[in-house]
Structure formats: structure tokens, C-alpha cells
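What follows is one structure encoded as C-alpha cells, with my remarks underneath.
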Amino acid sequence: MKQLWLRLDPNAPSSQKAELLKMAEGRCNVAVLSPRDLSLAAGLKLKTASTDDRSEIKLLSGHNRPLSTIPANSAVEVVVKDRSDEERALQLVDVGIRYLLIRCPNWKIIPLENLIARAGDKTTLLADVSSISDAKVALQTLELGVDGVVLTPSSASDIEDMDRFLKQMRETVPLVKGKVVSVKPIGPGARVCVDTCELMEPGEGMLVGSQSAGLFLVEAEVHRNPHVEPRPFRVNAGPVSSYVLTPGFKTRYLSELKAGDEVLIVKRSGATRAGHIGRVKIERRPMILVETDLNGRLFSLIVQNAETVRLVSDGASKSVSELKSGDEVLVRVEEGGRHFGTLVADEMVIER
């Protein structure tokens, strides 16, 4: 689980510091404080890190200090400006320092990649950042990402935004089995291929559907066949009017998507990750309608009628061209309606 540490600007007004600490309670793992600010955290359920011995975690500088004099359970800060600083940080990783706080003022990605590759489970590697965008990059660098970030927020909303992003990174989608009751070709339509910047695996794709309350797991084009090479970056998602689930569990119309947007990539287990779109292709193709029944509720999906379009089931996937009544596919089901993509749980909406 990724960690979120808060660093308070020691020169900020006391009222702002108090507001940030209150917002951090329950959202942040540790507050990095100057000795004079330690009292502001009194009474809060929030661990503190400081150069002051009164804090729960001792904060030390990793520069110009013999390795043998650094307690293993401390938090050590290193500013990586050049190769020698990076070597110092790697030495601290190798001796198993509990927390290593890295700030990269110049090159931000390459030093972190080197440290992530070396760290493993030897230390908790934290990137010291000043913006949400830098935090997201650090958390996703080298796919594994750092173990957490130390954020110096400009406002309380930065803490909320970062907490929300971290929750999205570990969210899962509950999927249930829907029984296919009808499969019917319906003629041509404008269908959307979503080409991502990711490589997907068997059993992984996007949640798409004609109704926001019932979204089908459409598998990426990961399977080899005699006629077309696999395109594991692609989900042949359906017509322009269909819904697709995006990060934050919001829905969007496929017609709205464009290069650079984020979509939610989902495994058959329900595990999720965010992916960025590289391109969107809209073309007229023959379409097919799939309808399923879940305890008396009917949900439908329209996709291109092609062998490469597959729906995911519990242990496999099946091409829509081979799908038949009685087959089971995985569906995400929810109650309520959607307003501009956001769930309104108590709203009565009928979608057919």
C-alpha cells in the first residue's frame, strides 16, 4: 500500500499549518515537521517525523554522515543533484534504512528508476515532491513506483486529491456472472477502438455497456489468431453511444474519448489500474447485440461483430461471434443513475 507523508512549510502561517494537519489526519501516514511545529500535531492521530527527538520517527540528513552512525529505523533525506548523490542514496538502500526520502530537483525520473530497481523490500522509498503531477509520476515510475510520496501541499485540497488518487490505485471492481439470453447481429454502426499506452493481458480489458448500471468486461485484443496479430494495447469497445468506466469509477461516452485521456483497465479478478489513451479510432463496422440476465435485470452490450472482440468470463473469454444463449460473462452491476458520469445512488433512472 502506497504511503502519503505530509511536509509542512515551516514558514507558512500557523493557521494554515493547523488546517493542513487536520486534513491530513486519517489521510496521511506521517507529518514531516520542524521542531517548533511538533506541538501543532498534539492530540492528532498522526505520526510525526522530525529532527527533534520527541517525534516518533527521527529525521536525518543522508549527506556527509558516516553510514555506521545512522540508526536503521530512522528516516533519511537525500537530495539527488548528481551521480554522487545517487550513489549515496543507493548506499543507504543497501544498508536497509527504514525510510529513504528522495528529492530530485533536476532529473526527476532516471534517479528514481535506479533507486526503485535497487530498493526492493530493503527500504521504504519515498519521493519528496511539491506537486500532485510529480507525485503521480513518481508513484508510477518503472511500473512499480516508489513506496510513497512526501507532499508539500499548497492547500488542503491537494491532500484530498492525493488521497483520492492513492485510493484509486488500489480499488477493485466487483464483477458478477451474467447469463447470456440473446445474441443478435444488428447491422453497421460507428464503433470505437480504444488504443492505450498499455499492454494488457488475457482476462484484462475495459468495462463497457449500453447502460451505466451494467457494464461488460470487454477483453483487449491479446489473443493470436491465423489472420490478425495480437494488439494487446487495444480494446474494440463498441458504439459511440456506449458507456465506459474511467478512474474514480466515473462513466464517459466512448464518443468523448481522445488521446491523453485516462481509462480504467480491469482484470477479471476486479483489480484495476489507470491507463492513458494513445489514440481513438471510430469506423463504421457491422455490430452485434448481446443481452444478459442477472436475477431478472436485463443488460445489453453492442460491439463490433468480429472474431477478435471477446467478452471475459470467470476463467476464460469467448469471441462474440461464437457467443450463445446460456454462456456466462462478467458484468459490473450498480444501483442508481448517473449524472454527467457521476453516480447518484438514489436517483431513479430507467435504461433500456
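Considering the options Leu139, Leu125, Leu38, tell which one lies farthest towards the positive end of the dipole of segment 3-169, charges being +1 on Lys and Arg and -1 on Asp and Glu at the Cβ, about the Cα centre. About the Cα centre, the residue reaching furthest to the positive side is Leu38.
Report the net charge of residues surrounding Ser325, where surrounding means a beta-carbon distance below 14 angstrom and charges are Lys +1, Arg +1, Asp -1, Glu -1.
Taking every Cβ under 14 Å from that of Ser325, the sum is -1.
Qualifying GluC sites (Glu not before Pro) in segment 207-309, where qualification requires a DSSP coil assignment and no more than 16 other C-beta atoms within 10 Å, comprise Glu307. By its C-alpha gyration tensor, with a ≥ b ≥ c as the square roots of the eigenvalues, how is segment 3-169 shaped: rounded for a/c under 1.5, else prolate for a/b larger than b/c, else oblate? The shape class here is oblate.
Shape call for segment 243-307 from the C-alpha gyration tensor, a ≥ b ≥ c root eigenvalues: rounded (a/c under 1.5), prolate (a/b greater than b/c) or oblate? Cα axes put segment 243-307 in the oblate bin. Here is the list for segment 254-334: trypsin sites (Lys or Arg not before Pro) lying in DSSP coil, each with at most 11 other C-beta atoms within 10 angstrom of its C-beta, are Lys258, Lys324. What the Cβ-Cβ distance of Asn295 and Ser269 gives, at R0 = 25 Å and to the nearest 0.05, is a FRET efficiency of 0.65.
Given the -39500 (n - 2.57) contribution per DSSP H run of 4+ residues, what per-residue ellipticity at 222 nm results for the chain, rounded to the nearest 500 deg cm²/dmol? Dividing the helical sum by the residues of the chain leaves -5000 deg cm²/dmol.
For Leu44, neighbours were defined as the other residues whose beta-carbon sits under 13 Å from its Cβ, and their charges (Lys and Arg +1, Asp and Glu -1) total +1. The HN-Hα couplings worked out from phi for segment 256-268 by the Karplus form 6.51 cos²θ - 1.76 cosθ + 1.60 (θ = phi - 60°) are 7, 6, 8, 4, x, 5, 9, 10, 9, 9, 10, 8, 5 Hz, whole numbers, x standing for Gly and Pro. Look at where the Cα atoms of segment 130-164 and of segment 59-78 average out, and the two centres are 24 Å apart. About the centre of its Cα atoms, the chain shows a dipole size close to 260 debye [charges on the beta carbon of Lys, Arg (+1) and Asp, Glu (-1) only; nearest 20 debye]. Counting other Cβ atoms within 10 Å as a rough exposure proxy, the listed residues Thr141, Thr123, Thr69 run Thr69, Thr141, Thr123 from fewest neighbours to most. Compute the Cα gyration tensor for segment 176-344, then decide on rounded, prolate or oblate, letting a ≥ b ≥ c be the square roots of its eigenvalues: rounded whenever a/c is under 1.5, prolate when a/b is larger than b/c in the other cases, and oblate in all that remain. It comes out rounded by the Cα gyration axes.
Coordinate-derived values only; no laboratory data. Note that this is a predicted model, so its numbers are computed, not measured. Using ideal geometry, Cβ is built from the backbone for each residue, glycine included, and neighbour counts are taken over all protein chains shown.
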